[in-house]
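Engineer: First, the structure itself, so that you have it in front of you.
The values are calculated or read from the model by the stated rules, or taken from the named source; none is laboratory data. Owing to the predicted nature of the structure, the values given are computational and were not obtained by experimental measurement. FYI the Cβ positions are ideal-geometry reconstructions off the backbone, even for glycines, and counts take in every protein chain you see.
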Amino acid sequence: MTITPKNSGWIEIICGPMFSGKTEELIRRLIRAQIAKQKVAIYKPSIDNRYSEDYIVSHNQRKIKSLTIKSPSDILNNSENSDVIGIDEAQFFDLSLIDICKKLAQSGKRVVVAGLEKDFKAKPFGPMPQLLVDAEYVMKVNAICMKCGDPANFSKRITSEEKQVVIGEIDKYEPRCRNCFNT
């Protein structure tokens, strides 16, 4: 049983590899908050414009209106009247996102964050590892391995690019299980 805080805000994290349904789950939670007549503010990083400039969009094309921002400070500047703050692709923001999420939660807000906790080399990615430590609730979702069908917890880059941040889809990444990731 999950107990929801009554007298404080909190941080929820949705993490996992690419193609695991992180954005889909974020959208589901935010729509439920809207149905409950809560004021919802939704943000995504400007670097991620794969599907839309004005919407968070899941791989299966489910979407919700969002604000595209360059800096986590924009979240604080635009969330004063919100009850629930949604943040997608958090791994692309700088480490200042950590303190901003903590400030929002401390001020009584529900902060729902989705992102990759590790990069294509299985190394900690951006602010996500520390957000996992600070969160009251963590949901880790898996994809299905493109090689063997087992649960996949890794994002395998299938191109030769070596930069940590390479925006892409199924043309650049595959979800992989531990065994298939390491072979």
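Engineer: ALA105 fails exactly one of the following numbered conditions: (1) hydrophobic (A, V, I, L, M, F, W, C); (2) at pLDDT 95 or above; (3) assigned to a loop (DSSP other than H, G, I, E, B). What is the number of that condition?
Structural biologist: Unmet condition: (3).
Engineer: Checking the condition crowded, with 17+ Cβ neighbours inside 10 Å and either among the aliphatic types (A, V, I, L, M) or more than 22 Å from GLY168 (Cα to Cα) (or both), which residue from ILE144, ILE75 passes?
Structural biologist: Sole residue among the options that is crowded, with 17+ Cβ neighbours inside 10 Å and either among the aliphatic types (A, V, I, L, M) or more than 22 Å from GLY168 (Cα to Cα) (or both): ILE75.
Engineer: Name the residues in the range 155-175 that are assigned to a strand (DSSP E or B) and either touching a Cys at 6+ places or on another chain (Cβ under 7 Å) or surrounded by fewer than 20 Cβ atoms within 10 Å (Cβ to Cβ) (or both), would you?
Structural biologist: Hits for the range 155-175 are ARG157, PRO175.
Engineer: Residues that are more than 9 Å from PRO17 (Cβ to Cβ) and polar (S, T, N, Q): does the range 136-157 have at least one?
Structural biologist: The answer is no, given that none of the residues of the range 136-157 is more than 9 Å from PRO17 (Cβ to Cβ) and polar (S, T, N, Q).
Engineer: I would also like to ask the following. Which condition number in (1) of a type outside the set (A, V, I, L, M, F, W, C); (2) at pLDDT below 95; (3) closer than 15 Å to GLU25 by Cβ is the one that GLU117 fails?
Structural biologist: Just one mismatch for GLU117, condition (2).
Engineer: Kindly check whether there is at least one residue in the range 49-61 that is in a loop (DSSP other than H, G, I, E, B), without any contact (Cβ under 8 Å) to a residue 40 or more places away in the chain and crowded, with 18+ Cβ neighbours inside 10 Å.
Structural biologist: yes
Engineer: Find the residue count for the range 137-163, including only residues that are in contact with a helix residue (DSSP H, G or I) (Cβ under 8 Å, 6 or more places away or on another chain) and within 30 Å of GLN38 (Cα to Cα).
Structural biologist: Adding up the residues that qualify gives 3.
Engineer: So which residues in the range 124-154 are in contact (Cβ under 8 Å) with a residue 40 or more places away in the chain, part of a loop (DSSP other than H, G, I, E, B) and among the charged types (D, E, K, R)?
Structural biologist: Result: GLU136, single match.
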